[in-house]
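Chemist: First the structure, which I've put down as structure tokens, then a few questions once you've had a look.
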Amino acid sequence: MKLKKALNNNVVLAKTEDHREVVVFGTGIAFKLKPGDPIDESKASKVFTLQTSDLSLQMANLLKEIPVEYVEITQEILDYARKKLNVSISDYTLLTLTDHIYYAISRYKKGEKIVNVLLWEAKKFYKSEFEVGLKALEIIKEKTGVAFNEDEAGFIAMHLVNTQVEGNEIDKTLKMTKIVQDILGIIKYYFKMEFDEDSWNYGRLVTHLKFFAQRILSKDRIEEQDDDLFIQVQHKYPEAFECVKRIETYVKNGFGMQITHAEMVYLVLHISRVTSRGGK
């Protein structure tokens, strides 16, 4: 490896023999080196390879402010998340979550408590991600001795939800969450019921609504299908169909989007299951 840029004596940007850009961390690794000089790899304690030069520079700048141990903690959490959720997680999440965890611990040590206003949503709508968040608390406690409450598990869960949303836009995640909440509210109000949130049918409904919310925000539409099925579900599930018409009005008024017949069919079937088989 050859030095590209020294951020300080302990963190450098370097080029490998196969021209990959990496971030190298090691005590005194940049001492007296100039760009182009070979790096003493025996001094390297950690090497980070990221997808782009921009991300490598961001990681290097992060390590100027944050001890490398926090990156290691975050990597362990994300490795667990990849296996648990079976999803790809971007390098960008390594940066943002490391930054979040470091400052969360800093606030904790100062006695500053941050309330997570989305805790309920994280626990109810993103159960798998929240479970990873709880595991993350165990890892953080083991590595640092800091014992967070569920609020922090919820914050970590939302980071994981966000990495699965195109563009890593937390604003989009919040909008999706509100759409899901609103539609669940319409269903609960129409049927005057409470959901069994541990039921399989409820879980399937919420999963469908999350993707439905994504389609609303991106203006995607499920292609139309044979209208025979649309006519059948109207007659077979009249109450669920009337509820979907209210959802249709909500989407049209709030987002200027017309729900296709195919989308309505899927909603009717999900709502029928959750309201007639163990939904209460």
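The values are calculated or read from the model by the stated rules, or taken from the named source; none is laboratory data. Just so it is clear, the structure is predicted and the values come from calculations on it, not from any experiment. Don't worry about glycine lacking a Cβ; one is built from the backbone with ideal geometry, like all the others, and counts go over all protein chains shown. We work out accessible area using only protein heavy atoms, side chains counted, and drop any ligands, DNA or RNA first. Shrake-Rupley method; radii C 1.70, N 1.55, O 1.52, S 1.80 Å.
Chemist: Within region 126-137, identify whether any single residue is touching a residue at least 24 places away in the same chain (Cβ under 8 Å) and more than 27 Å from Asp182 (Cβ to Cβ), and answer yes or no. Spell out the reasoning first.
Modeler: Taking region 126-137 first, the residues touching a residue at least 24 places away in the same chain (Cβ under 8 Å) are 126-133, 135-136.
Filter once more, keeping what is more than 27 Å from Asp182 (Cβ to Cβ): 135-136.
Yes, region 126-137 has at least one match.
Chemist: Go through Leu95, Leu119 for me and flag whichever is crowded, with 16+ Cβ neighbours inside 10 Å and closer than 30 Å to Lys4 by Cβ. Talk me through it step by step, then tell me what you get.
Modeler: On the way: Leu119 fails: closer than 30 Å to Lys4 by Cβ.
Exactly one residue qualifies, and that residue is Leu95.
Chemist: For the structure I just gave you, tell me whether Leu160 is within 21 Å of Tyr266 (Cβ to Cβ) and surrounded by 15 or more Cβ atoms within 10 Å (Cβ to Cβ). Outline the logic, then answer.
Modeler: Values: within 21 Å of Tyr266 (Cβ to Cβ): no; surrounded by 15 or more Cβ atoms within 10 Å (Cβ to Cβ): yes.
It is false that Leu160 is within 21 Å of Tyr266 (Cβ to Cβ) and surrounded by 15 or more Cβ atoms within 10 Å (Cβ to Cβ).
Chemist: Which one of these is open to solvent by 10 Å² or more (accessible area, probe 1.4 Å), within 20 Å of Val24 (Cβ to Cβ) and touching a Gly at 6+ places or on another chain (Cβ under 6 Å): Lys64, Lys43?
Modeler: After applying the criteria, what remains is Lys43.
Chemist: Condition (residue is touching an Asp or Glu at 6+ places or on another chain (Cβ under 7 Å) and at pLDDT 85 or above) applied to region 10-25: is it met by at least one residue? If you could, list the steps in order and put the result at the bottom.
Modeler: We begin by selecting, within region 10-25, every residue touching an Asp or Glu at 6+ places or on another chain (Cβ under 7 Å); these are 13, 15.
Keeping just the survivors that are at pLDDT 85 or above gives 15.
Yes: one or more hits.
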